[in-house]
Amino acid sequence: MEFTKMQGIGNDYVYVDCFREKVEHPGAVSKYVSDRHFGIGSDGLILICPSDKADCRMDMYNADGSQGIMCGNGVRCVGKYVYDYGLTDKTRISVDTKSGIKYLDLTVENKKVKQVRVNMGEPVLETKAIPMIYEGEKVISQPFNVGQDIYEITAVSMGNPHAVVYVDNVKNLPLEEIGPKFEKHTAFPESVNTEFVRVIDRRTVEMRVWERGSGETLACGTGACAVAVACALNGYTEDAVTVKLLGGDLKIAWDREDNLVYMTGPATVV
């Protein structure tokens, strides 16, 4: 199998051009290639496939072999791949994902994509649509029992479910202990990605993320979008923020008038 390894601020995947390749049993392949000691090493596998309704289709699989719905850092790398390797000559493209078609604007320097701006679509706040089992219609700054502890969370879906938690210090969190308790919580029937956030100022926040199916990753694009929406809803930040992740920074802007979230960040071939 021919592959290209790419990363978006440290969120790394193995990419396969399925315009030319065919991958049987992609879930099993994802588990194999993701192993950082006996495989290639990645947060998962992303297949770039033909689409009858967009320029291409993105199929993503997590490190545990489960199929993912959407990956913001992954879709930026898809945009770079299809342009850099000649599958398109357009600088505005569409990518079909399991959470709908995403539109990408590519910034090109010296015939290579350096940065990608993605229309990530509308944030979803209704608990049933996230999905989340909860009595209220929305979860915005609500107490939430996890094990023996109570956290204040805001729940947002950006094509996949996110629980945003505010903490005083993101660096010293025992994430390996806390993350799985959130991920498999019975309130989230499809599991959940959890973002632990510290607000620095009105335009800057930092976060760490525990992704369902992958554990802690250096970055999560949909998670950064969910954090930006949650911070704005709670009045902590403006609608446009820089989200600082372990792997780097993402620029997130929530256009409330159109109810669309835009993510801008780099994409790199490893």
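The values are calculated or read from the model by the stated rules, or taken from the named source; none is laboratory data. No experiment lies behind these values; they were computed from the predicted model shown. In this analysis, Cβ positions are derived from the backbone assuming ideal geometry, glycine residues included, and neighbour counts consider all displayed protein chains. To get the accessible areas, we keep the full protein, side chains included, count just its heavy atoms, and leave off ligands, DNA and RNA. Shrake-Rupley method; radii C 1.70, N 1.55, O 1.52, S 1.80 Å.
Of the strands (runs of 3 or more DSSP E) lying entirely inside the range 86-185, the ones with 3 or more residues being surrounded by fewer than 21 Cβ atoms within 10 Å (Cβ to Cβ) and of a type outside the set (Val, Ile, Thr) are found at 92-97, 100-109, 112-119, 142-146, 149-157. With respect to the conditions (1) in contact (Cβ under 8 Å) with a residue 24 or more places away in the chain; (2) open to solvent by 20 Å² or more (accessible area, probe 1.4 Å), LYS251 lacks only one, and its number is (1). Taking the conditions exactly as written (open to solvent by 30 Å² or more (accessible area, probe 1.4 Å) and in contact (Cβ under 8 Å) with a residue 12 or more places away in the chain), does ILE69 satisfy them or not? So ILE69 fits the description; yes. For first residues located in the range 170-188 and within 21 Å of ALA219 (Cβ to Cβ), partners that are open to solvent by 50 Å² or more (accessible area, probe 1.4 Å) and not in a loop (DSSP other than H, G, I, E, B) and lie 6+ apart or on another chain with Cβ distances below 8 Å form the pairs VAL170/ARG198; LEU175/GLU216; GLU176/GLU216; GLY179/GLU216. When the range 21-53 is filtered for residues that are part of a helix (DSSP H, G or I) and among the basic types (Lys, Arg), only LYS31 remains.
Quick grid of which residues meet (1) open to solvent by less than 10 Å² (accessible area, probe 1.4 Å); (2) under 27 Å from PRO174 (Cα atoms); (3) within 13 Å of the chain's Cα centre (by Cα):
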site: TRP210; (1), (2), (3): no, yes, yes
site: THR222; (1), (2), (3): yes, yes, yes
site: ALA226; (1), (2), (3): yes, yes, yes
site: ALA230; (1), (2), (3): yes, yes, no
site: ASP239; (1), (2), (3): no, no, no
